[in-house]
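> Handing you a structure now.
Read-outs throughout are calculated quantities, based only on the coordinates presented, and are distinct from any laboratory measurement. This one's a predicted model, so the numbers in the text were calculated from it and none came from an experiment. Cβ placement follows ideal geometry from the backbone for every residue including glycine, while neighbour counts extend to all protein chains displayed.
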Amino acid sequence: MTGGRYDASTTSTLIARPLKILIVKRDKIGDLLLTTPMLSHLRAIQALQLRAQRFDWVIVANGSESHRAIRRGVMTGARRVVAYAADPAKYPRLTDPLAARTGRHESDLLLDMLAPLGVIAPSTALFPQFRLPATAQAFATGWLAARSLQPGGYVVMGLGARRAKKQPDTAQVLRWSAHLRQAFGLDTVFMWTPGRSDNPLYPGDDDVAEPVLAAGAPQLHPFRGGIEPALGLIWNARASIFPDSGLMHFAAASPGGVVGLFADTSVSPHPDQWGPRGPRARWLEADISVSELSDAQLFDQLAPPLQQQSPELPGD
């Protein structure tokens, strides 16, 4: 290797035989979705076929150092292990440490991890992908019909960022949903993470949702449920609005796209690295709290999907 790149002899040796590669991703479901560009690009290289033997390579698929994931990766006994590490000396068996980088999106950082394998990053953007399960679509069809909602006839508005500063407040949810009904004839499916905020295993948003539900707004249709049914509703929506969360990343891959909400990024994840990715993905950033965002800012970002008749929905 010279200057961080493989020379021709190393690359030809790599391509001459198939490889078995393990991808280690220790993180939340939305972050897992961001690995799909790396996986699809890796699958597109014909030379990198898998073989049923011990792993040749392990890629610890985190855009920054994760000591637990690195330790799991090296424990596999693979010949080569790739990971971002600020201090490689802490991991004697880490064969291919990569220097931490800032200012790049997580998906791009993961694609960069293929360089030690001799795989050049794609010249065009690759976006996260997700194929909606038939069971999720079946749920959405029934749920919407029971409420006289049509695919493409509503917007999904969600909570789920755990921290209040990242979520729209009660007044915003009510104002935004009322404007969607009045100006565009669209109802709002309001969803949140089930559970109380003091749940030690996984905090939910029941506490935050309660005052919204108490208002009894006729344009709001509450949904409190699991991830797969939620995805069915997101995939049939005209557009979605989510704070920085796993569902935001899935909504970015949906037909209607998403407006992601970020706040206080001097100490919280920045959209430059964690923003929604996709042709229909947009985001807004507030200085301290999402409650600072004006209605005009939101609807300016929502304008493209709201002005079209309907996105290309599942089954169209």
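> Which FRET efficiency value, to the nearest 0.05, do you get for Arg163 and Asp27 by plugging their Cβ-Cβ distance into 1/(1 + (r/R0)^6) with R0 = 22 Å? Mind dumping the intermediate values first?
Values: r = 18 Å, r/R0 = 0.80.
Using R0 = 22 Å, I get an efficiency of 0.80.
> Under a 5 Å amide H to amide H cut-off, with H placed in plane at 1.01 Å, what residues pair with Val24 once short-range neighbours are removed?
Sorted by chain and number, the residues that satisfy this are Ile59, Val60, Ala61.
> Please give the length that would be gained between Thr76 and Leu213 if that part of the chain were fully extended, namely 0.36 nm times their separation in residues minus their C-alpha to C-alpha distance (nm, one decimal). Mind showing how you got there, number by number?
Numbers: separation 137, 0.36 × 137 = 49.32 nm, distance 4.90 nm.
Gain on stretching Thr76 to Leu213: 44.4 nm.
> Return the lysines within reach of Lys20: Cα separation strictly under 27 angstrom, same-chain partners fewer than 8 residues apart disregarded; answer none if there are no such residues.
Lys28, Lys90
> May I ask you to derive the relative contact order of segment 134-307, considering only C-alpha pairs under 8 Å and at least 6 residues apart, and to give it as an integer percent?
Details: 321 pairs, mean separation 41.4, N = 174.
The value is 24 percent.
> When DSSP beta bridges are limited to those with both residues in the chain, what percentage is antiparallel, rounded to the nearest 5?
So the antiparallel bridges in the chain amount to around 5 percent.
> Report the relative contact order of the chain, percent, no decimals, based on alpha-carbon pairs under 8 angstrom and at least 6 residues apart.
Working: 574 pairs, mean separation 49.7, N = 316.
Normalised by residue count, the contact order of the chain is 16 percent.
> Additional query: Only four residue types carry charge here, +1 at the Cβ of Lys and Arg and -1 at the Cβ of Asp and Glu. Report the dipole size of the chain about the Cα centre in Debye, rounded to the nearest 20. Present the calculation step by step, with values, prior to reporting the outcome.
Details: 32 positive and 28 negative charges, 290 e Å.
For this selection, approximately 1400 debye.
> Using a Förster distance of 22 Å, how high is the FRET efficiency between Arg101 and Asp264, based on the Cβ-Cβ distance and rounded to 0.05? Provide the component values of the computation, followed by the final result.
Working: r = 23 Å, r/R0 = 1.03.
That gives a FRET efficiency of 0.45.
> With charges only on Cβ, +1 for K and R and -1 for D and E, what is the dipole size of segment 20-150 about its Cα centre, in debye, rounded to 20? Each step should come with its number before you reach the end.
Values: 18 positive and 9 negative charges, 99 e Å.
For this selection, approximately 480 debye.
> Next question, about the same structure. Can you pull the one-decimal nm distance between simple spin-label points at Arg131 and Gln297, each 7 Å off the Cα toward Cβ?
Spacing of the two 7 Å Cα→Cβ label points: 3.9 nm.
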